[in-house]
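All remarks here apply to the structure that follows.
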Amino acid sequence: MLEWIRQAEQDAPKPMKGFAGFLRQDLDAVTAGLTLPWSSGVVEGHVNRVKTLKRAMYGRASFALLRARILTQP
């Protein structure tokens with residue numbers, strides 16, 4: 001991975017150089033994300049569901065109703 005980052009920082013277009021720089025800054029987290037067996041997919045799914053409900057109810061209902069819908073949905 002370090003070789004790819006090095007090559008991207010030298011030869012790639014500017015947006016790719018920036019991306020490679022961000023990868024280098026947090027290389028430990030990137031490596032862990034690609035190699036460890038854990039995933040935050042389930043949590044992200046719940047966050048997406050809550051945000052969708054919030055957007056759908058914006059300006060139409062109170063916080064109490066939004067809270068009730070979030071807590072009663074599976």
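The values are calculated or read from the model by the stated rules, or taken from the named source; none is laboratory data. Since this is a predicted model, take the numbers as computed values, not measurements. Here the Cβ positions follow ideal geometry from the backbone for every residue, glycine too, while neighbour counts run over all protein chains shown. When the accessible area is computed, the model is the full protein with side chains, heavy atoms only, and any ligands, DNA or RNA have been set aside. Shrake-Rupley method; radii C 1.70, N 1.55, O 1.52, S 1.80 Å.
How much of the accessible area of the chain, in percent, comes from carbon and sulfur atoms when a 1.4 Å probe is used? Please report the intermediate quantities before stating the final value.
Working: 3860 of 6290 Å².
Carbon and sulfur: 61 percent of the exposed surface of the chain.
Longest span of the chain, sites excluded, free of chymotrypsin sites (Phe, Trp or Tyr not before Pro) in DSSP loop with at most 12 other C-beta atoms within 10 Å? Mind showing how you got there, number by number?
Working: sites that count: Trp38, Tyr58.
Longest stretch, sites excluded: 1-37.
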Checklist entry - In the full protein assembly as shown, how much of Thr35 is accessible to a 1.4 Å probe, in Å² to the nearest 10? => result 100
Next on the checklist: Suppose each label sits 7 Å from its Cα in the direction of the beta carbon; what would the Leu71-Leu34 distance come out to in nanometres?
Outcome noted: 4.4
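Tell me which trypsin sites (Lys or Arg not before Pro) from the chain have a DSSP coil assignment and no more than 10 other beta carbons within 10 Å of their own. Kindly include the intermediate steps, with their values, before the conclusion.
Numbers: sites: Arg6, Lys17, Arg24, Arg49, Lys51, Lys54, Arg55, Arg60, Arg67, Arg69; in loops: Arg60.
Listed in order of number, the matching sites are Arg60.
Roughly how compact is the chain, stated as its Cα Rg over 2.2 N^0.38 Å to two decimals?
Details: Rg = 20.0 Å, N = 74, 2.2 N^0.38 = 11.3 Å.
After normalising by residue count via 2.2 N^0.38 Å, the value is 1.77.
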Checklist outcome for this item: Farthest towards the positive end of the dipole of the chain, among Val50, Leu34, Ala61 and with Cβ unit charges of +1 on Lys and Arg and -1 on Asp and Glu, lies the Cα of Ala61
